[in-house]
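Read the structure below first, then the notes.
The values are calculated or read from the model by the stated rules, or taken from the named source; none is laboratory data. For clarity, every value in this text was computed on a predicted model and none was experimentally measured. Here the Cβ positions follow ideal geometry from the backbone for every residue, glycine too, while neighbour counts run over all protein chains shown. Side chains are part of the model used for accessible areas, which takes the heavy atoms of the whole protein and leaves out ligands, DNA and RNA. Shrake-Rupley method; radii C 1.70, N 1.55, O 1.52, S 1.80 Å.
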Amino acid sequence: MGAASETAAVTGEPFPIERVRAAFPALAREVNGNPLAYLDSGASSQRVLASIQSVDRYERRHHSNVHRGSHTLSAEATAAYEGARATLADHLGASDRRELIFVRNATEAINLVARSWGAANVSEGDRIALSEMEHHSNIVPWQQLAESAGAELDWIDVDDEGRLDMESLDRALARAPKLLAIAHVSNVLGTENPLAEISRRAHDAGALVVADGAQAAPKLDVDVAALGVDFYAITGHKIYGPTGIGALWGRLDLLRAMPPFLGGGSMIRKVTRQGTSFAEPPARFEAGTPAIAQAIGLASAIRWVDAMGMNTLRDHEQEIADYALAALEQVPGLRVFGPPRGNGRLGPVSFEIDGIHAHDVAEILDRHGVAVRAGHHCAQPLMERLGVAATARASFGAYTTREEIDRLLVGLEDARRVFGL
């Protein structure tokens, strides 16, 4: 595919797809005798070379523990780790770098809020609102909190096009929940929720807002101040960085009032036989030796994204998603879930083919070197709402091409042939 057929950046220059793909080493390999077409970035994106190299440099030259030593290597490691915090805080529009807490992933970030803020602020009879489109990571911690505190959950409906039902949202908020948990972008439907408007309505109702940004952070220019949220969770492995690292952004006044999530080294001010006083955020929530190398790797991935321009990357991925949606509409017996093209519809693209189980679709596509996801995508309440047990899901990244979408279509035609459709 020539560069002219790719997305044009805001500057009017063609999207540099060849240069982008060259930055991701895994894309050079073959699977089952075919070039890899990696359409599973919603589960875990491929890792950019800059991230890999930064971790390698740290491991070879600077490895030491942070915040604890007066020697050169410890100072270098601390500077790199805290520099990574500054990079992420700036990327998310945080007003204070102390608002950025490193965690293992978005799941841990949400659990931190549930176990720390939730345990201290939610009590018997209180309400928590969440939507039908949430990932299990933004459901299970609130179910656990509700059970332990004696609170109640209110579910916000998803309409037939896969969008959040704003009237259902208002009904839930009218019950005066303490907290609203909401995905910025659905990992199944590709729906981009109007988070700033949702936050405004929630705050007017007296609720805090916890946003799951795992799918949004690789696609959108996230500004937590503009979004008006109180907590925002991201994960590194979906934004071209390492696994085992993510971040929670939280309002500093809330973090300062929250008890720690874990106890141990680094999160203390003073420990005596009589008791312990705790450090200020973010150290209060980063007990023990942190994921130093992974934080450095994530920061490098963020710097690559910022250098490319998030809006440029979004425009490219939007064009690929629109191309995929238009192509899939032509496959007989195929049903796409989620809103139609445009108007708050990003990737990923989840679908089913009549007469073929999603896992069989994924297995046949793998024979063609095309990687997609199949299953309930950790969103079983949403699957129940959609009336399916599982879907196949194609999800995209900065490196996805139209040619790879064309190969997806070839693989789907093969699946229909194998099943006699």
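Scan segment 185-206 residue by residue and report those that are farther than 15 Å from Gly338 by Cβ and in a loop (DSSP other than H, G, I, E, B). Let's see the steps before the verdict.
Here is the first cut: in segment 185-206, the residues farther than 15 Å from Gly338 by Cβ are 194-206.
Within segment 185-206, Pro194, Ala205, Gly206 qualify.
For segment 209-231, the criterion of a residue being free of Cβ contacts under 8 Å to residues at least 60 places away in the same chain and open to solvent by 50 Å² or more (accessible area, probe 1.4 Å) is satisfied by no position. Residues in segment 16-38 that are without any contact (Cβ under 8 Å) to a residue 60 or more places away in the chain and not in a helix (DSSP H, G or I): 2 in all.
Among the numbered conditions (1) without any contact (Cβ under 8 Å) to a residue 12 or more places away in the chain; (2) open to solvent by 70 Å² or more (accessible area, probe 1.4 Å), the only one that Glu280 does not meet is (1). Quick check on Gly213: is it closer than 14 Å to Thr107 by Cα and not aliphatic (A, V, I, L, M)? Taking the combined requirement at face value, the residue satisfies it. In the condition set (1) surrounded by fewer than 16 Cβ atoms within 10 Å (Cβ to Cβ); (2) under 27 Å from the mean Cα position of the chain (by Cα); (3) of a type in the set (S, T, N, Q); (4) farther than 30 Å from Ala394 by Cα, Thr78 is compliant with all but (1).
So is Val122 aliphatic (A, V, I, L, M) and either over 24 Å from Gly250 (Cβ atoms) or open to solvent by 50 Å² or more (accessible area, probe 1.4 Å) (or both) or not? Give the steps one after another, and end with the answer.
Numbers: aliphatic (A, V, I, L, M): yes; either over 24 Å from Gly250 (Cβ atoms) or open to solvent by 50 Å² or more (accessible area, probe 1.4 Å) (or both): no.
Against the criterion (aliphatic (A, V, I, L, M) and either over 24 Å from Gly250 (Cβ atoms) or open to solvent by 50 Å² or more (accessible area, probe 1.4 Å) (or both)), Val122 does not qualify.
The number of residues in segment 121-143 that are of a type in the set (A, V, I, L, M, F, W, C) and assigned to a helix (DSSP H, G or I) comes to 2. Any chance segment 83-102 includes a residue that's farther than 20 Å from Phe261 by Cβ, of a type in the set (S, T, N, Q) and either part of a loop (DSSP other than H, G, I, E, B) or open to solvent by less than 60 Å² (accessible area, probe 1.4 Å) (or both)? The answer is yes, given that some residue of segment 83-102 is farther than 20 Å from Phe261 by Cβ, of a type in the set (S, T, N, Q) and either part of a loop (DSSP other than H, G, I, E, B) or open to solvent by less than 60 Å² (accessible area, probe 1.4 Å) (or both).
Does segment 371-421 hold any residues that are open to solvent by 50 Å² or more (accessible area, probe 1.4 Å) and at positive phi, and which are they?
Going residue by residue through segment 371-421, those that are open to solvent by 50 Å² or more (accessible area, probe 1.4 Å) are 373, 376, 378, 380, 384-385, 387, 389, 402-403, 406-407, 410, 413, 417-421.
Correct list: Cys378, Gly387, Gly420.
Which of the following residues is over 30 Å from Glu147 (Cα atoms) and in contact with a helix residue (DSSP H, G or I) (Cβ under 9 Å, 6 or more places away or on another chain): Val113, Val103, Val66, Val122?
Values: Val113 fails: over 30 Å from Glu147 (Cα atoms); Val103 fails: over 30 Å from Glu147 (Cα atoms); Val122 fails: over 30 Å from Glu147 (Cα atoms).
The unique qualifying residue is Val66.
Return the residue satisfying two criteria in turn: it lies in segment 263-277 and is open to solvent by 50 Å² or more (accessible area, probe 1.4 Å) and among the hydroxyl-bearing types (Ser, Thr, Tyr), and of such residues it is nearest to the chain's Cα centre (by Cα). Spell out how you get there, then give the answer.
The initial filter retains those residues of segment 263-277 that are open to solvent by 50 Å² or more (accessible area, probe 1.4 Å), namely 263, 268-274, 276.
So of that shortlist, the ones also among the hydroxyl-bearing types (Ser, Thr, Tyr) come out as 272, 276.
Working: Thr272: 40, Thr276: 35 Å.
The qualifying residue nearest to the chain's Cα centre (by Cα) is Thr276.
Residues in segment 162-185 that are open to solvent by 20 Å² or more (accessible area, probe 1.4 Å) and aliphatic (A, V, I, L, M): Met166, Ala174, Ala176.
Within segment 64-75, restricting attention to residues that are crowded, with 16+ Cβ neighbours inside 10 Å and of a type in the set (Gly, Ala, Ser), the residue that is farthest from Arg269 (Cα to Cα) is Ser64.
Of all residues in segment 144-161, those being touching a strand residue (DSSP E or B) at 6+ places or on another chain (Cβ under 6 Å) and either part of a helix (DSSP H, G or I) or crowded, with 24+ Cβ neighbours inside 10 Å (or both) number 2.
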